[in-house]
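The values are calculated or read from the model by the stated rules, or taken from the named source; none is laboratory data. Remember, predicted model here, so these are calculated numbers, not experimental data. Here the Cβ is made from the backbone with ideal geometry for all residues, glycine too, and neighbour counts use every protein chain on show.
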Amino acid sequence: MKNAFASKMSYFILTFIFLIITASFLFSGFDKFSLGGGKNVATVDGTEITIKEYQAALNKQVEFFNQMMGGKGMTQKQLEEMGIKQSVMNGLVQQKLIANTADNMGLIVSLDEIKSEIKNLPYFKRNEQFDVNLYRNVLQSNGYTPTQFEELIGNDLKQKKVDELFNTTVISENFVKDVLNFKHNGINVHAIKISRQSLAPLVSVSEEEIKAYLAKPENTKTLEAAYTENYAKYNQAEEVKARHILIKAEDPKALDKIKAIKAKVNNKNFAAIAGKESEDPTGKTNGGDLGWFGRGRMVPEFDDVAFKMTPGTISEPIKTQFGYHIIYVEDKKAAQTKPLDLVKNELAQMAVQKTKAQDLDKLLETEKEKITALLKDNKLADLEILQKKLDAQFFKNSEVNQYDQTIGQLNLSPKESEELFKANIGDTLNFGNAGTIYLVKVNSKTISEPKKVEDQLSAEMTAQGQAFSRKVREELIKSLNNKAKIVTNPALM
């Protein structure tokens, strides 16, 4: 089976040829990105990347992003900010590296193979038959000689041959069985990780210490920097908490449907009806909940109504580009601004807390003992409160297997993984250090089922083969990049 890379490469090759043949450079705004003629964009170990190659690949990428942006032409600034030009160049360099590798490996593409490939392209056929006159006319209209185009096709076929070598990678069945056993050998854990600095808010600071800190002129800049860092906390824009029900505009009866829904909704049943009637995919699972949002997050028509509504009220149907909506405003927060003078005591307290190293060390040990006891007694609600209070990472009933070796978003080191899988049910392990509380409690264990391993063997053989091929290709490209002489022309980019 071809791996994901091979499929993408084949798609790219076909699209690349299609773009050249159909002269599809004429999209909105492309003239802004035209590079002029006659020069190469880069060379890779002496192999040229031509203007035409670069323009075709750039065109493909820009056209894709144009569609993503609703058909609006991209600006030069957007091209630079998104790094599209460099991304296109990197892709072309990789193609040349692969083509050169094919030459070095002696992967020869015969003239018969090139002819067969060209004759099978639909762009050169009339009545399902290859038409040599059509072939010549299309190439001529796009500025290609038959020799140039045949060379292009030959390079594409070389890359396909290299891809086929990657795809024939053989993975041992015993290796894959070991992988499946590792995936099925797992444990269920509760884990919590808290940085030492996160405990700083718990360190007590006296009024005298705050006054003394504020009295020192050298601390003024530190306070100003802290205020800037926490600007969003002290300067909040107006926000609305709302739910909505959506009926999409494509439905010819959308307006009638939304009016019928409006007639039966109230504050108590809004979430339930949203779950049944709303055509917003997320609304089916969360009762149309949009959470808190500020101005500009929603489309203008939606914003205008939501921010004028009183909490506890439901709007009349409104129309946006997505369809018809009914909005239920649950709550509102007025805009607030707290100047530095108003919060300087709080910022000074935070600054002093961070300096109390010995107090923090003691607190770290005290909190570690408390958390260990909470884990032992399975007091998860108390740990969730602690998570919010101290910005902790808390994962309850997290499944860990020997293959992935992760707890939530936490990656285990080989040593930590080994200790964890040797532990007994009910054990709490300490993976922390002088600057971190990191405790993991083992709740239960699962053992691999032989039948499951056999049932999944074929699919896993394919998946592991593809993963291994991708890794080999990545390492090859990395190695080739390090050794190759790559010269780019920045003036043309």
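The sole residue among V93, V176, V170 that is modelled with pLDDT of 80 or more and either among the hydroxyl-bearing types (S, T, Y) or out of contact with any Phe, Trp or Tyr (no Cβ under 7 Å at 6 or more places or on another chain) (or both) is V93. Counting only helices (runs of 4 or more DSSP H) that fall entirely inside the stretch 73-155 and contain at least 1 residues that are more than 26 Å from A484 (Cβ to Cβ), in contact (Cβ under 8 Å) with a residue 40 or more places away in the chain and of a type outside the set (D, E), the qualifying elements are 76-81, 132-141.
Total residues in the stretch 367-393 satisfying the condition of being at pLDDT 90 or above and assigned to a loop (DSSP other than H, G, I, E, B): the figure is 3. Would you mind stating whether K396 is modelled with pLDDT of 75 or more, within 26 Å of the chain's Cα centre (by Cα) and among the basic types (K, R)? So K396 fits the description; yes. Residues in the stretch 230-245 that are farther than 12 Å from Y328 by Cα and in contact with a strand residue (DSSP E or B) (Cβ under 9 Å, 6 or more places away or on another chain): Y234, N235, Q236, A237, E238, E239.
A search for C-beta distances below 9 Å between a residue of the stretch 193-219 that is in contact (Cβ under 8 Å) with a residue 40 or more places away in the chain and farther than 11 Å from L360 by Cα and any residue that is among the aromatic types (F, W, Y) and part of a helix (DSSP H, G or I), counting only pairs 6+ apart in sequence or on different chains, returns V205/Y213; N219/Y213. Residues in the stretch 399-430 that are within 23 Å of the chain's Cα centre (by Cα) and within 12 Å of S444 (Cα to Cα) were compared, and the one that is surrounded by the most Cβ atoms within 10 Å (Cβ to Cβ) is V400. Among the residues of the stretch 247-257, those that are surrounded by 14 or more Cβ atoms within 10 Å (Cβ to Cβ) and either among the hydroxyl-bearing types (S, T, Y) or touching a Gly at 6+ places or on another chain (Cβ under 8 Å) (or both) comprise I247, A249, D251, A254. Counted as qualifying within the stretch 263-363 are the helices (runs of 4 or more DSSP H) with 1 or more residues that are modelled with pLDDT of 90 or more, closer than 30 Å to A215 by Cβ and touching a helix residue (DSSP H, G or I) at 6+ places or on another chain (Cβ under 7 Å), namely 340-355.
Within the stretch 164-173, is there a residue that is in a loop (DSSP other than H, G, I, E, B) and small (G, A, S)? Yes, the stretch 164-173 contains a residue that is in a loop (DSSP other than H, G, I, E, B) and small (G, A, S).
Just one residue in the set D280, D304, D331 is among the charged types (D, E, K, R), in contact (Cβ under 8 Å) with a residue 24 or more places away in the chain and surrounded by fewer than 14 Cβ atoms within 10 Å (Cβ to Cβ); that residue is D331.
Of all residues in the stretch 369-426, those being under 30 Å from K177 (Cβ atoms) and out of contact with any Lys or Arg (no Cβ under 8 Å at 6 or more places or on another chain) number 24.
Considering each residue of the stretch 40-55 in turn, at least one proves to be assigned to a helix (DSSP H, G or I), at pLDDT 80 or above and either surrounded by fewer than 15 Cβ atoms within 10 Å (Cβ to Cβ) or polar (S, T, N, Q) (or both). Scanning the stretch 168-214 for residues that are among the polar types (S, T, N, Q), in contact with a Ser or Thr (Cβ under 9 Å, 6 or more places away or on another chain) and within 30 Å of K368 (Cα to Cα) turns up N185, N188, S195.
Taking L246 as the residue in question, decide whether it is closer than 30 Å to F293 by Cβ and in a strand (DSSP E or B).
Yes, satisfied.
In this structure, is V132 under 29 Å from the mean Cα position of the chain (by Cα) and of a type in the set (A, V, I, L, M)? Taking the combined requirement at face value, the residue does not satisfy it.
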